[in-house]
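Please read the structure below before turning to the comments.
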Amino acid sequence: MTATDTPIGYGSMKRKEDARFIRGQGNYVDDIQLPGMLHGAVLRSPFAHARIVSIDTTAAEAHPKVVAVITGATLATLNLAWMPTLSYDTQAVLATDKVRFQGQEVAFVVAEDRYAARDALELIDVEYEPLPAVVDARKALDPGAPVIRDDKDGKTDNHIFDWSAGDKAKCDGIFASSEVVVTEDVLYPRVHPAPLETCGAIADFDKVTGKLTIWCNTQAPHAHRTVYAMVAGLPEHKIRVISPDIGGGFGNKVGIYPGYVCAIVGSIVTGKPVKWMEDRSENLMSTSFARDYHMKGEVAATRDGRIRAVRVTVLADHGAFNGTAQPTKYPAGFFHVFTGSYDLEAAYCDVKGVYTNKAPGGVAYACSFRITEAAYLVERMVDVLAYELKMDPAELRMKNLLKPDQFPYLSPTGWEYDSGDYPRALEMALEKVGYSDIREVQAAQRERWEAGDRTSALTGIGISFFTEAVGAGPRKHMDILGLGMADGAELRVHPTGKAVLRISVQSQGQGHETTYAQIVAEELGISPDDIEVVHGDTDQTPFGLGTYGSRSTPVSGAATAVVARKVRERAKIVAGAMLEVSTEDLEWEKGRWFVKGDPDKGKTMAEIALAAHGSLELPEGVEGHLDATTVYNPPNLTYPFGAYVCVVDVDPVTGQVKVRRFVAVDDCGVRINPMIVEGQIHGGLADGIGMALMELIAFDEDGNCLGGSFMDYLLPTAMECPSWELGETVTPSPHHPIGAKGVGESATVGSPAAVVNAVLDALKPYGIRHADMPLTPAAVWRAVQGSPIRPDLAIT
Ligand code: MCN
Ligand code: CUN
């Protein structure tokens with residue numbers, strides 16, 4: 001899709017922010033230089049599990065360029081050695097008693113330049129006493145397993161939580177009486193969001209004013225500020241968090257990392273600004289990973305393919321600290337959505353969380369807080385059922401999809417899907433890909449294969465249908481450490497009719513400066529070029545919880561529309577006074593109020609703005625100027641959905657998978673900027689190919705991380721991606737002011753299952769029902785050789 005003119009409102013237009021990005025004029029944390037700035041570096045643990053016997057920092061402190069060395073002992077004097085995680089656990093900022101994963105933060109050096117800081121790390125002498133490590137979640141609860149969190153009073157095992165949802169008795173009853181039951185163990189392996197820009201911060205504490213300014217590439221500046229105030233006891237009005245341009249977040253930049261806290265303490269201790277910027281390996285080894293869900297899926301169905309119930313048992317690996325950065329009250333996030341897009345009689349899930357000697361985290365990576373795992377599981381299970389019933393997977397899905405007249409639909413786990421027309425989306429995707437034609441070609445190919453002709457690669461077609469739940473969220477259901485999920489917006493129209501919008505969400509590449517200007521443009525008829533969007537600075541923007549869970553459009557987009565409508569109403573009063581008519585006699589058309597039945601008699605927004613700031617006599621009680629504020633508390637989540645079809649060619653001899661085609665029909669309600677939406681989908685589809693075929697953070701038995709660089713942690717490139725074929729349906733969200741639903745994570749949620757289903761469909765002649773991601777050539781080859789591999793197992 002290409003953009004033409006700048007639309008006054010919705011439509012494809014080029015991103016305003018790209019004017020600086022494509023010229024290399026972005027302003028990222030690492031671009032910022034402050035006078036007298038010092039540089040911090042983190043010393044990390046080489047062991048996955050070890051007792052710290054001693055830490056000797058004398059030699060490092062003697063380094064001529066080192067200004068300070070901070071250890072957990074230093075932090076303990078400030079009561080900061082441990083910090084709360086966003087999941088109501090605690091995490092060591094710098095380890096004092098034990099290290100609990102490889103790469104854990106042990107000490108922080110502040111030096112005059114970053115090279116000296118790194119050099120000095122080697123001068124710190126830490127004596128470790130290695131302990132046995134638990135790397136596999138399935139062994140974490142074994143009686144003899146080493147206890148990782150012995151810092152917690154009375155803790156004698158690695159159990160974190162048990163959580164369940166759905167009606168167990170009803171579900172069990174259906175399973176007991178169903179004609180067909182299929183069961184499969186499905187792993188969603190540990191992967192990493194791996195944003196191009198790694199995490200980093202600059203802390204600048206001004207001793208005179210007591211003001212602490214933190215430049216940090218966080219997705220949630222306001223939440224960070226409040227958490228710093230609560231945890232460190234710093235006065236909130238004296239903290240300013242600035243998120244400058246961000247080079248990708250994908251969930252990796254939601255949480256608070258020890259490096260940020262160390263930079264802050266470093267600045268307080270030295271009285272100088274301190275910058276901390278992690279490198280690639282630090283990012284991959286120590287910051288929020290994603291998934292690591294061991295799932296047992298069960299589906300109960302009738303013999304003719306009517307799905308009746310789904311039951312799931314999950315073992316959730318949360319690493320050494322429960323540091324999932326997610327805003328729900330549920331330890332498994334939005335995993336409730338494992339019922340997918342289907343009309344079920346009952347559903348039940350049971351999730352057990354455990355500690356392991358691996359980096360903390362657990363949700364991040366375009367995850368919608370565990371919907372990625374849920375969507376993958378249910379779509380894999382539907383294919384497993386199709387395999388057993390010898391039914392076409394498209395037909396099986398069509399038979400079970402929710403029907404348009406069932407919306408709003410209350411799912412068996414209690415979630416209300418707002419709107420949808422699922423069969424239409426699936427029909428469109430199947431038609432676009434030419435489903436029956438490809439099946440015919442495939443059948444002929446299989447016949448040749450059966451006849452002994454093994455020369456050509458095998459074609460596979462994989463389908464996935466997903467329902468997403470985004471836009472956290474109704475304040476009563478979701479919070480971060482007690483902070484409710486509502487977001488503010490402020491809009492001011494200047495006297496000359498140009499405007500500034502201030503919002504609380506934070507773009508990491510999603511194009512907010514463009515799309516939010518477009519929302520105002522649509523509501524007020526001002527060109528998006530004339531609307532400045534300000535975000536990412538707690539001193540300049542209203543409070544709100546930031547960008548993740550594709551919540552910006554559902555929440556902040558709604559706030560923007562509401563605040564613009566407030567301004568429009570004020571403009572109406574001003575126009576009434578200007579035209580000397582009652583406001584009841586006025587009618588709106590994009591950009592102007594005019595007198596009903598007399599369209600020539602009207603006032604444009606620019607004229608109204610000037611008058612609102614002028615000497616015009618306004619009615620009693622009406623304030624002048626043209627501005628408004630609002631706080632939007634969403635009544636429900638929005639539920640975007642989509643139908644994906646992937647076509648692959650698999651070479652059973654080499655295990656090589658080539659994604660030949662990918663059709664994605666997405667419905668995210670009304671699209672503000674279709675070009676940006678398509679860009680979001682392209683990115684998510686590439687993510688899906690990456691996770692399905694190559695991405696994996698692996699560990700050996702001792703807990704050594706084997707995915708600590710881009711040589712080992714493989715990301716998809718244009719080489720692995722086909723030319724995407726996108727389609728669109730529009731089912732507006734009934735409760736959102738402009739009918740939009742979020743889309744930023746849809747394709748990452750929906751696409752892995754399509755790719756995996758396609759590969760397994762290709763391998764059907766080999767009788768392979770399931771194999772776990774990533775389906776690397778080696779994994780496919782091994783599956784073909786009849787020895788399914790489990791990439792979660794320690795690699796020997
Ligand atoms: N949009 C639209 N019409 C809609 C829905 C969205 O035009 N109906 C536009 C929005 O206005 C916005 C973009 O699409 O410009 C994404 O909107 P939304 O779905 O609301 O998602 P967020 O802005 O909240 O972004 C968060 C989401 C998440 S959680 C991850 S993870 C992810 C993603 O966005 N990380 C990204 N996409 C990313 N894209 C980039 N380039 N970089 C990341 O780090
Ligand atoms: Cu879960 S990754 Mo996005 O919500 O920032």
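General observations
- For the residues Phe21, Phe47, the requirement of being under 27 Å from the mean Cα position of the chain (by Cα) and not acidic (Asp, Glu) singles out Phe21.
- One residue from Thr372, Thr328 being within 16 Å of ligand 1 (Cβ to nearest atom), open to solvent by 10 Å² or more (accessible area, probe 1.4 Å) and under 20 Å from the mean Cα position of the chain (by Cα): Thr328
- Residues that are surrounded by 16 or more Cβ atoms within 10 Å (Cβ to Cβ), assigned to a loop (DSSP other than H, G, I, E, B), within 16 Å of ligand 2 (Cβ to nearest atom) and not β-branched (Val, Ile, Thr) do not occur anywhere in region 224-242.
- So Pro404, is it touching a strand residue (DSSP E or B) at 6+ places or on another chain (Cβ under 9 Å), in contact (Cβ under 8 Å) with a residue 12 or more places away in the chain and more than 16 Å from ligand 2 (Cβ to nearest atom): no
- Meets criteria (within 16 Å of ligand 2 (Cβ to nearest atom), open to solvent by 10 Å² or more (accessible area, probe 1.4 Å), within 24 Å of Glu695 (Cβ to Cβ) and not small (Gly, Ala, Ser)) for Tyr293: no
- Ser527 of a type in the set (S, T, N, Q) and within 16 Å of ligand 1 (Cβ to nearest atom): no
- Flag if Phe205 is in a loop (DSSP other than H, G, I, E, B), aromatic (Phe, Trp, Tyr), at pLDDT 95 or above and open to solvent by 10 Å² or more (accessible area, probe 1.4 Å): no
- Residues located in region 399-451, provided they are over 21 Å from His736 (Cα atoms), among the aliphatic types (A, V, I, L, M) and either outside any helix (DSSP H, G or I) or open to solvent by 80 Å² or more (accessible area, probe 1.4 Å) (or both): Leu401, Leu402, Val441, Ala451
- You will find that of Glu184, Glu197, the residue that is closer than 28 Å to Glu373 by Cβ and assigned to a loop (DSSP other than H, G, I, E, B) is Glu197 and no other.
- Applying a threshold of 8 Å to beta carbon distances and a minimum spacing of six or more residues, or different chains, the list of pairs starting in region 20-37 at a residue that is of a type in the set (Lys, Arg) and ending at one that is part of a loop (DSSP other than H, G, I, E, B) and open to solvent by less than 50 Å² (accessible area, probe 1.4 Å) reads Arg20/Gly26.
- Filter result for Arg454 (of a type in the set (D, E, K, R) and at pLDDT below 95): yes
Yes or no, residue by residue, for (1) of a type outside the set (A, V, I, L, M); (2) away from ligand 1 (no atom under 16 Å from the Cβ):
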site: Leu315; (1), (2): no, yes
site: His318; (1), (2): yes, yes
site: Gly333; (1), (2): yes, no
site: Thr339; (1), (2): yes, yes
site: Ser368; (1), (2): yes, no
site: Asp383; (1), (2): yes, yes
site: Ala386; (1), (2): no, yes
site: Thr413; (1), (2): yes, yes
site: Glu416; (1), (2): yes, yes
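- Region 531-549 - residue that is open to solvent by 20 Å² or more (accessible area, probe 1.4 Å) and part of a loop (DSSP other than H, G, I, E, B) and, of those, nearest to ligand 2 (Cβ to nearest atom): His535
- Test: residue in region 710-724 that is more than 16 Å from ligand 2 (Cβ to nearest atom), crowded, with 22+ Cβ neighbours inside 10 Å and in a loop (DSSP other than H, G, I, E, B): yes
- Scope region 452-486; condition charged (D, E, K, R) and open to solvent by less than 30 Å² (accessible area, probe 1.4 Å); matching residues: Glu468, Asp479
- Matching residues in region 388-398 - criterion: being open to solvent by 20 Å² or more (accessible area, probe 1.4 Å) and outside any loop (DSSP other than H, G, I, E, B): Glu388, Leu389, Glu395, Met398
The values are calculated or read from the model by the stated rules, or taken from the named source; none is laboratory data. A quick note: this is a predicted structure, and the numbers were derived from the prediction, not measured. Glycine gets a Cβ as well: all are built from the backbone with ideal geometry, and neighbour counts include every protein chain shown. Side chains are part of the model used for accessible areas, which takes the heavy atoms of the whole protein and leaves out ligands, DNA and RNA. Shrake-Rupley method; radii C 1.70, N 1.55, O 1.52, S 1.80 Å.
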